[in-house]
């Protein structure tokens, strides 16, 4: 990729992502901006005399993906990334790389810049070839078929295989690498050359590569794919400010709803508290009423008991009086019988004698019946 192109893009942190290695899984964004070849310029080459002669270990695929994520994170933020100087940008990329790397390989800023240049150039070339294949609009071809043909075209023209698929998977969904060639929003324009000889396709100021139709083995006419310009810093700040206002309004609305909910809960809690107090008061009132009724019944029972005791006492007294009266009568009768039995009837006149003899016989018979048979 040429180091003279300077574009500024937005990026959402890719470090936590784990992109699938299926080349057909990356969807196209109809509104995402992109340019091909948007990278800060490389620093001027150092004199040969001060270059290190010892070559470090080869970059691993994981290091390549981390470098891509670092570059995207540090260079594509429209608010923070566009005004950075080249040295500041690569210092941030280096710090990001050092922070998240999982290998023990030591990398310098210079080695990261060189590796990024290699990745960028190869990926740009592959994107141009893939765009050319997709521009053919061949029926019956799947996304996988297009991807495979782009790799074949790359190997045929570059005399080597495309070795940065793992980086392409990270970059393909970013605005820098997305070309809008859908039917709903076509952005391609074809310029036909008066010469019958076809000329190679160009992808937005990227390195021009001659491409050809793998089916017909003919070269395609000049084709320029126009890409969306990235959102500017002011627009991005305005967007974020609007989002911030919306977030604040949503927060205040949620806060208001929460306050109303808390007030409703407090009122409901107070209602149930008062209801519980009333129930407790009613319960105590009913219990007091029951206690008073029990006391009344107890006193009534005691009164009845006292009255019964008094009545029993009266009955006993009456019985005693009757008994004494009966004893008194019995005693008087005995005394009368005794007097009658002690009378000498022989000296009495005939009629009187017969009367008292009859009485004496009755007394004897009564006494005999009272004592019972022996």
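The values are calculated or read from the model by the stated rules, or taken from the named source; none is laboratory data. Worth saying up front: this structure is predicted, and the values here are computed from it rather than measured. Heads up, the Cβs are rebuilt from the backbone with ideal geometry, glycines too, and the neighbour counts pull from every protein chain shown.
Summary of computed values
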item: Residues being more than 11 Å from residue 123 (Cα to Cα) and part of a helix (DSSP H, G or I) - total across the stretch 154-169; result: 4
item: Considering residues of the stretch 139-153 that are without any contact (Cβ under 8 Å) to a residue 24 or more places away in the chain and in a loop (DSSP other than H, G, I, E, B) only, the residue surrounded by the most Cβ atoms within 10 Å (Cβ to Cβ); result: 141
item: From 337, 319, residue being outside the structural domain of residue 357 (by TED's automatic domain parsing) and either within 30 Å of residue 361 (Cα to Cα) or not in a helix (DSSP H, G or I) (or both); result: 337
item: Residue selected from the stretch 66-80 under the condition surrounded by fewer than 21 Cβ atoms within 10 Å (Cβ to Cβ) and touching a helix residue (DSSP H, G or I) at 6+ places or on another chain (Cβ under 7 Å), by the criterion modelled with the highest pLDDT; result: 73
item: Which numbered condition residue 189 fails, given (1) under 41 Å from the mean Cα position of the chain (by Cα); (2) modelled with pLDDT under 90; result: (1)
